[in-house]
Amino acid sequence: MSKLFKRTKILATIGPATNTAEKIEEIIMAGANGCRLNCSHGSNEERDQQIKWIREAAEKKGRSVAILQDLQGPKIRLGFLKDNHLDLKAGDEVILESMEFEHDGGLVVPVQYNLAEKVKVGEPISMFDGKIKAKIIEIVSDTAIKIRVENDGFIMSRKGLNLPDTDFGGDILTPKDLADIEYGAGCDYDYVSLSFVQRASDILKLKQLLLSYGSTAKVIAKIETKKAIESDENLEEIVKASDGIMVARGDMAVEAGAEVVPIIQRRLIALCREHAKLCIVATQMLSSMVDNLEPTRAEVSDVATAVVQGADVVMLSDETANGKYPVETVKEMKKVILYTQNHSRIAPISKLPVGETSEIYDAISNAAARMAEKIEADVIVCQTASGATAMSMAAERPNVPIVSVTRNPRVANQLALIYANSAFVRTYSEDFGYDLARELKESGYLKTEEGKKDLVAVIVSGDKDKVGTDTIKVRWV
C-alpha cells in the first residue's frame with residue numbers, strides 16, 4: 001500500500017491558469033496537497049474566492065488541503081520605464097530615484113523602494129534577475145543613489161533588484177506586507193511565508209504579529225538572501241525559530257550565486273529533518289512545462305533529488321499559475337515522486353530528529369517508526385492535538401504512510417504538507433485512531449497487501465485528558 005501514497009507532497013501556486021473553481025478542483029484531484037496564494041499579484045477579493053474554491057474542492061475529495069499565504073516582502077522593483085525598455089552599457093552611471101516621477105527614457109530611473117536609507121557605497125546591486133550587474137558609487141540624496149553598470153544589457157519596467165550585501169536591519173515587512181498580514185489573519189490561511197528572511201528575529205517578529213491578530217497560521221521562512229546563509233549558525237537559528245522553511249532557489253541564485261544553491265538545499269533539508277520542521281523546495285522544478293507537455297530530464301532529476309534528500313514538499317510556481325498545462329504538471333510531478341520513493345531510500349542524516357516536543361515523545365516517534373518497518377505494518381496512525389507528534393513522526397521519514405487524526409481542522413490542514421501524512425478531522429472517541437483505520441479500510445482508502453486479510457496498524461496515541469503522546473499499540477484492523 002505504501003507504494004500508492006506519495007510521501008513528498010506537492011504545493012501548487014494558484015494564478016491566472018488555475019483561477020477557477022474547476023481548475024483548482026482538477027489540480028487537487030491530480031495530487032496537489034496545498035495551494036500557494038502569492039500576495040505579489042491579485043486582490044483580496046480574488047484571495048477570498050480562491051480560498052472558498054480550495055476548501056470546497058478539498059471537501060469534495062475528502063482530504064485536508066493546506067493554503068499558504070506568500071508575502072511579497074521587500075521585493076525591490078524598478079518603476080515604470082518609457083516604452084517598457086532601457087538599454088544600458090558597461091560604464092553607464094544610472095540614478096535610482098524613489099520619488100514618483102515619469103521616466104523620460106534617460107538614466108534617471110524610478111525604483112519602488114528608498115534604497116538611499118539602506119545601502120552603502122561599494123555594495124553590489126543586480127537588476128532583472130541578475131542580467132545587469134552594477135556597483136553603488138554614490139548616495140545622491142535622501143531618496144536617490146547612483147550606480148555604475150558593469151555589463152551591456154537592458155532593463156524593463158517592474159523588474160526586480162537584488163542587493164546581496166545590503167543589511168535591511170530587520171526592516172523586511174513592508175507596508176503592503178503589514179496590510180496583507182492584517183487582512184489575512186481573518187482569512188482561512190494555514191501558513192504564512194515570509195520573504196527575504198535574514199535572521200531568526202525576522203520570524204519571531206512575524207509570529208508575534210500573527211498572534212496579536214489571533215491567527216493560528218504557522219510561519220514559513222523563505223531562504224533566499226545572502227545574509228540568511230552567511231553562517232551555519234544563523235541558518236540553523238532561522239530553522240529553529242520558524243515552523244518550516246522554503247528553499248527559494250530563484251533569488252538565492254541571484255544573491256549568492258547559482259553554485260551555492262544545491263549545497264544550501266541539501267543543508268536546509270537536513271536541518272529541517274533534524275529539527276522536525278517542514279521543508280519546501282521551490283523554483284523552476286518543472287519550468288519547461290509552462291509551455292511544454294513534458295518536462296526535461298534535468299527537471300525530473302531535480303524533483304527526484306529533492307525526494308531522495310527527504311524534502312517534505314516540492315513546489316510549482318509558474319507551472320500552475322501561468323502555464324499551459326497546470327493539471328498535467330501536477331500529475332507529472334506526482335509520477336516522479338512515486339517512482340523515486342518506491343525505488344530509492346531517503347538519504348540518511350547525521351543526527352536523530354529532535355522536535356519541539358520532549359525527548360520522550362521524540363523517542364516514542366522513533367520507536368513507532370522503527371516498529372512499523374520491522375513488522376511490515378501497513379500504516380502508522382497518529383492521534384494528535386497540535387500536530388507536533390505527527391511532525392515528529394514524519395521527521396523519522398518512515399517508508400510507511402502516516403494517517404493523522406485530530407479534532408482541529410487547522411491542524412489537519414497544516415499536516416497536509418507534512419511528509420507522508422494524510423490528515424483527517426474526527427470527533428474524539430476512546431480509540432479514534434483505530435476507528436479511523438477501520439473506516440478508511442472499509443472505504444477502500446487503506447488496502448491490505450495481497451494475500452493478507454487484516455490491515456496492520458501501528459497506533460500512536462495519548463490520553464485526551466493528558467498532554468502529549470505516551471502509547472504505542474499494534475492493531476489488526
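Every number here is computed from the coordinates shown, using simple stated rules; none is lab data. What you see is a predicted model; the values in this text were computed from it and never measured. Note: ideal-geometry Cβ built from the backbone for every residue, glycine included; neighbour counts use all protein chains shown.
Apply 1/(1 + (r/R0)^6) to the Cβ-Cβ distance of Arg148 and Glu259, taking R0 = 22 Å, and write down the FRET efficiency to the nearest 0.05.
Values: r = 25 Å, r/R0 = 1.15.
Efficiency, from the Cβ-Cβ distance: 0.30.
In segment 9-94, a dipole from Cβ-located charges (positive for Lys and Arg, negative for Asp and Glu) runs towards its positive end, and of Gly31, Leu81, Asn44 it is Gly31 whose Cα lies farthest in that direction. Measuring from each cysteine beta-carbon in the chain, the ones with no other cysteine beta-carbon under 4.7 angstrom are Cys35, Cys39, Cys187, Cys382. The stretch between Glu373 and Asp48, if pulled fully straight at 0.36 nm per residue, gains 112.7 nm over its current Cα-Cα span.
Placing unit charges on the Cβ atoms of the charged side chains and taking the dipole of the chain about its Cα centre, the candidate lying farthest along the positive direction among Leu455, Ser141, Ala306 is Leu455. For the chain, the longest piece that avoids every one of the GluC sites (Glu not before Pro) found in DSSP loops with at most 12 other C-beta atoms within 10 Å covers 103-375.
If you place +1 on the Cβ of every Lys and Arg and -1 on the Cβ of every Asp and Glu, how big does the dipole about the Cα centre of the chain come out, in debye to the nearest 20?
Values: 61 positive and 71 negative charges, 305 e Å.
It comes to approximately 1460 debye.
Let's see if you can work this out: charge +1 on each Lys and Arg Cβ, -1 on each Asp and Glu Cβ, no other charges. What is the dipole magnitude of segment 359-476 about its Cα centre, in debye to the nearest 20?
On the way: 15 positive and 17 negative charges, 41 e Å.
Result for segment 359-476 is approximately 200 debye, rounded to the nearest 20.
What is the distance in Å between the Cα centroid of segment 310-327 and that of segment 1-76? The two parts, judged by their Cα centres, are 10 Å apart. Under the combined filter of DSSP loop state and at most 14 neighbouring Cβ atoms within 10 Å, segment 322-429 retains these chymotrypsin sites (Phe, Trp or Tyr not before Pro): Tyr428. When you restrict to C-alpha pairs under 8 Å that are six or more residues apart and normalise by the size of the chain, the relative contact order lands at 16 percent. Ordering Ile145, Ile375, Ile172 by the number of other Cβ atoms within 10 Å of each residue's own Cβ, fewest first, gives Ile375, Ile172, Ile145.
Along the axis of the charge dipole computed for the chain (Cβ charges of +1 for Lys and Arg, -1 for Asp and Glu, origin at the Cα centre), the listed residues Ala368, Gly91, Phe101 are led at the positive end by Ala368.
Dividing the Cα radius of gyration of segment 359-476 by 2.2 N^0.38 Å, with N the residue count, gives 0.96.
Starting from the Cα-Cα distance between Lys89 and Glu102, subtract it from 0.36 nm times their residue separation and give me the gain in nm to one decimal.
2.5 nm
Here are some pairs, Lys6/Lys351; Lys226/Lys335; Lys9/Lys453; Lys135/Lys222; Lys75/Lys335; Lys23/Lys218; which of them have Cα atoms lying more than 32 Å apart in this structure?
On the way: Lys6/Lys351 25 Å; Lys226/Lys335 34 Å; Lys9/Lys453 30 Å; Lys135/Lys222 26 Å; Lys75/Lys335 34 Å; Lys23/Lys218 26 Å.
Beyond 32 Å between Cα atoms: Lys226/Lys335; Lys75/Lys335.
Once the C-beta distance of Lys60 and Asp165 is scaled by a Förster radius of 41 Å, the resulting FRET efficiency is 0.25 to the nearest 0.05.
Is the C-alpha gyration tensor of segment 312-409 telling us rounded, prolate or oblate? Criteria: a/c under 1.5 is rounded; beyond that, a/b larger than b/c is prolate, otherwise oblate. Mind showing how you got there, number by number?
Values: a/c = 2.16, a/b = 1.69, b/c = 1.28.
Verdict is prolate for segment 312-409.
Please list, short to long, the whole-number percent of alpha-carbon pairs of segment 58-125 in consecutive 10 angstrom bins beginning at zero. P(r) for segment 58-125, in whole percents per bin: 16, 36, 21, 9, 12, 7, 0.
Which length gain, in nm to one decimal place, applies between Glu430 and Lys240 when the Cα-Cα distance is subtracted from 0.36 nm times their residue separation? Spell out each step's value before the answer.
Values: separation 190, 0.36 × 190 = 68.40 nm, distance 3.45 nm.
Length gained, Glu430 through Lys240: 64.9 nm.
Take the Cβ atoms of Val474 and His343, set R0 to 41 Å, and the FRET efficiency comes out at 0.90.
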